[in-house]
Amino acid sequence: MKMTLWILPAVLAFAGATTAQPKLQILEGAKFDLGKVDRGTVATKRLTLKNVGNEKLVIGNVEVSCGCTGTVVSSKELKPGDTTSLLITFNSKNFTGQVHKSVWVNANTPEPRTMIEFSATVMEDLVFSPMQFYFKDAQVERKSTAKITVKNESGKELMITGFRTQLENFTIKYPPKAISPGGSMELTAEFTPKRAMPVLSDGVFITTSSQSQSEVYIYIFGNVK
């Protein structure tokens with residue numbers, strides 16, 4: 001019986017040591033929605049990370065699924081009960097519509113990677129359809145045309161103000177008027193090639209009066225016989 005009494009404290013101490021560990025909790029939850037984001041803007045979200053374990057928590061690298069996402073951690077070492085701030089930024093420049101991204105927080109926890117997921121809806125003032133001018137079987141010294149439609153999805157009047165391209169003998173014609181909210185306009189590209197091109201691959205920047213879409217890049221594809 002005396003041996004048992006001596007062993008018992010050691011067993012309890014060992015059991016306590018094996019259960020002592022840091023634990024990461026995201027107070028706002030591991031999923032969030034940034035809502036509607038104007039294309040070209042940077043949206044931010046600040047989360048609170050807390051150590052709900054009973055040992056010091058050390059945060060390592062914070063990984064992201066895309067170069068469009070950035071992170072900043074205020075403090076990387078948390079005593080039990082301490083909190084820190086994780087700032088997540090999302091650059092919407094190259095996106096449109098529904099977007100889903102992920103962030104992984106690495107730490108010295110039993111599960112070393114904690115995943116955070118977020119979504120956003122990237123809005124455009126002007127929607128171009130299709131996003132290319134396509135010249136199929138264009139002929140040397142003969143004018144070819146291609147058309148696209150631009151729709152105003154914003155709540156204010158907007159205008160097409162011009163274009164620029166390095167492709168020679170290419171021009172765009174459009175009505176010199178504003179596009180009303182919900183309205184659309186047709187853009188007609190004219191191209192008179194001077195030489196044959198088995199593959200035509202170029203582009204044009206269309207300038208607009210939209211603050212969030214001052215320039216929109218439209219591809220130019222096709223071939224010239």
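The values are calculated or read from the model by the stated rules, or taken from the named source; none is laboratory data. Because the structure is predicted, anything quoted here is derived from the model rather than measured. All Cβ positions, glycine included, derive from the backbone under ideal geometry; neighbour counts span all protein chains shown. Keep in mind that these areas ignore ligands, DNA and RNA; they rest on the heavy atoms of the full protein, side chains included. Shrake-Rupley method; radii C 1.70, N 1.55, O 1.52, S 1.80 Å.
Just one of the numbered conditions (1) assigned to a strand (DSSP E or B); (2) at pLDDT below 95; (3) open to solvent by less than 60 Å² (accessible area, probe 1.4 Å) is not true of A15: (1). Looking across the stretch 182-222, the residues that are open to solvent by 70 Å² or more (accessible area, probe 1.4 Å) and farther than 30 Å from E141 by Cβ come down to S184, Q211, E215. Here the condition is being touching a strand residue (DSSP E or B) at 6+ places or on another chain (Cβ under 7 Å), among the charged types (D, E, K, R) and surrounded by 15 or more Cβ atoms within 10 Å (Cβ to Cβ); of K31, K76, K36, K45, it holds for K45 alone.
Across the stretch 100-122, the qualifying residues are those that are open to solvent by less than 70 Å² (accessible area, probe 1.4 Å) and of a type in the set (A, V, I, L, M), and the one among them that is nearest to T19 (Cα to Cα) is A107.
Selection of first residues in the stretch 93-113 that are under 16 Å from E55 (Cα atoms) and of second residues that are open to solvent by 40 Å² or more (accessible area, probe 1.4 Å) and β-branched (V, I, T), restricted to Cβ pairs under 9 Å at least 6 apart or on distinct chains, gives the following pairs, ordered by first then second residue: A107/V58; N108/V58. For K79, the requirement of being more than 12 Å from the chain's Cα centre (by Cα), at pLDDT 95 or above and among the charged types (D, E, K, R) is met. Scanning the stretch 146-181 for residues that are among the small types (G, A, S) and surrounded by 12 or more Cβ atoms within 10 Å (Cβ to Cβ) turns up A146, S154, G162, A178, S180.
Only residues that are under 16 Å from Y217 (Cα atoms) and among the charged types (D, E, K, R) were counted in the stretch 110-141, giving 2. Consider T149 carefully, then state whether it is part of a strand (DSSP E or B), β-branched (V, I, T) and under 30 Å from N54 (Cα atoms). No: the conditions fail for T149.
Is it the case that some residue within the stretch 82-99 is aromatic (F, W, Y), over 30 Å from S210 (Cβ atoms) and open to solvent by 40 Å² or more (accessible area, probe 1.4 Å)? No, the stretch 82-99 has no match at all.
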